[in-house]
1. Inside segment 92-106, can you point out the residues that are exposed (fewer than 15 other Cβ atoms within 10 Å of the Cβ) and either of a type in the set (Phe, Trp, Tyr) or not in a helix (DSSP H, G or I) (or both)?
2. Restricting to segment 131-155, what's the tally of residues that are closer than 21 Å to residue 98 by Cβ, without any contact (Cβ under 8 Å) to a residue 40 or more places away in the chain and not charged (D, E, K, R)?
3. Among what's in segment 131-155 and is among the charged types (D, E, K, R) and assigned to a helix (DSSP H, G or I), pick the residue that is nearest to residue 50 (Cα to Cα).
4. Name the residues in segment 21-51 that are under 21 Å from residue 82 (Cβ atoms) and either modelled with pLDDT under 70 or assigned to a helix (DSSP H, G or I) (or both), would you?
5. Which residue out of 128, 158, 124, 118 is hydrophobic (A, V, I, L, M, F, W, C), part of a helix (DSSP H, G or I) and in contact (Cβ under 8 Å) with a residue 60 or more places away in the chain?
6. For segment 126-135, does any single residue satisfy the condition of being in contact with a Ser or Thr (Cβ under 8 Å, 6 or more places away or on another chain), over 22 Å from residue 155 (Cα atoms) and crowded, with 16+ Cβ neighbours inside 10 Å?
7. Residues 61, 158, 74, 120: which one is small (Gly, Ala, Ser) and over 30 Å from residue 42 (Cβ atoms)?
8. Is segment 24-45 home to any residue that is polar (S, T, N, Q), exposed (fewer than 12 other Cβ atoms within 10 Å of the Cβ) and under 19 Å from the mean Cα position of the chain (by Cα)?
Amino acid sequence: MKPYSIALLLLALVCSIPRCSYAQHHADLAPAEIDQLRDSMMEPDTRLKLYVKFAKARIDALDQLRTDPKISAADRPAQTHDKLQDFVDIYDELNDNIDMYVDRKDDIRKPLKTVIEADAEFQAKLKAFQDSLTASKEDTKPFEFVLRNAVDDLNDSAQDHRKLLDEQEQAAKNRKKHKGDKQQQ
C-alpha cells in the first residue's frame, strides 16, 4: 500500500471516531419510544411532552429500584447509577430538543409549561432520593457523580426553562402588539 493510501485510510478512520462516540451519548430509548418521537418530530408540543413522559418513567424506575426487595444490596449501587444515567440522558435529549425548537423559532410556550412542572417534580424526587440516601447511610460512591450531575443539570435547566418561557411570552406579546400596529396603519 502506498503512503498516500495509508494516510487516507487513517484519516477516514479518525473522522469516523467522533460519530461513534456521539452515538453512545444518546438516550437509551425503547423502539416504541423512538417511533413515537419520530412521528412527532414536527410537533413540538407532542414531542416535548413525550420526553417529559419518558423522563418521568426513568425517575419512577429509579424509585422502584430503591424499594425493590428482589434487588440485592450489592447490585443496587450499579443499577442505581444506570437508572440515574438513563434519566440524565433522556433529560439531556429533552433539552436538546428544546434548543432545536428555539433555533427554529417555534412557539413552545405550551409544552414549556409542562416541562417546568416536570422540572419541579423531578427536583422534588431527586431531593427526596438524596435525603433517603443520607438517612440510610448507603454507599453512594458508585453513583455519586451522576447524581450530583443530575441535580445540577436539573437545577440549571429548570432555571433556563423558566427564563425561556418568559422570553417566549414577551416575544408573543411583541408579535401581537406589532400585528395590531400594522392593522391600524
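1. Looking only at segment 92-106, we keep the residues that are exposed (fewer than 15 other Cβ atoms within 10 Å of the Cβ), and these are 96, 99-100, 103-105.
Listed by number, the residues that qualify are 104, 105.
2. Here is the first cut: in segment 131-155, the ones closer than 21 Å to residue 98 by Cβ are 149-155.
Narrowing the set further to residues that are without any contact (Cβ under 8 Å) to a residue 40 or more places away in the chain leaves 151-152, 155.
Checking the rest, the ones that are also not charged (D, E, K, R) come to 151, 155.
Matching residues across segment 131-155 total 2.
3. Taking segment 131-155 and keeping what is among the charged types (D, E, K, R), we get 131, 137-139, 141, 144, 148, 152-153.
After this cut, where a residue has to be assigned to a helix (DSSP H, G or I) as well, the list is 131, 144, 148, 152-153.
On the way: 131: 29, 144: 28, 148: 25, 152: 23, 153: 19 Å.
The selected residue is 153.
4. Of all residues in segment 21-51, those under 21 Å from residue 82 (Cβ atoms) come to 21-34, 51.
Across segment 21-51, the qualifying residues are 21, 22, 23, 24, 25, 26, 31, 32, 33, 34, 51.
5. Values: 128 fails: in contact (Cβ under 8 Å) with a residue 60 or more places away in the chain; 158 fails: in contact (Cβ under 8 Å) with a residue 60 or more places away in the chain; 124 fails: in contact (Cβ under 8 Å) with a residue 60 or more places away in the chain.
Result: 118 is the single residue among 128, 158, 124, 118 that is hydrophobic (A, V, I, L, M, F, W, C), part of a helix (DSSP H, G or I) and in contact (Cβ under 8 Å) with a residue 60 or more places away in the chain.
6. Narrowing segment 126-135 to residues in contact with a Ser or Thr (Cβ under 8 Å, 6 or more places away or on another chain): 133.
Next cut, over 22 Å from residue 155 (Cα atoms) only: none.
Within segment 126-135 (the criterion being in contact with a Ser or Thr (Cβ under 8 Å, 6 or more places away or on another chain), over 22 Å from residue 155 (Cα atoms) and crowded, with 16+ Cβ neighbours inside 10 Å), the answer is no, since none of the residues qualifies.
7. 74
8. In the first step, residues of segment 24-45 are kept if they are polar (S, T, N, Q); the result is 24, 36, 40.
Now narrow it down to the ones that are exposed (fewer than 12 other Cβ atoms within 10 Å of the Cβ): 24.
With under 19 Å from the mean Cα position of the chain (by Cα) added as a condition, the list becomes 24.
So far as segment 24-45 goes, yes, one or more of its residues are polar (S, T, N, Q), exposed (fewer than 12 other Cβ atoms within 10 Å of the Cβ) and under 19 Å from the mean Cα position of the chain (by Cα).
The values are calculated or read from the model by the stated rules, or taken from the named source; none is laboratory data. Remember, it's a predicted structure, so these values are computed and weren't measured experimentally. FYI the Cβ positions are ideal-geometry reconstructions off the backbone, even for glycines, and counts take in every protein chain you see.
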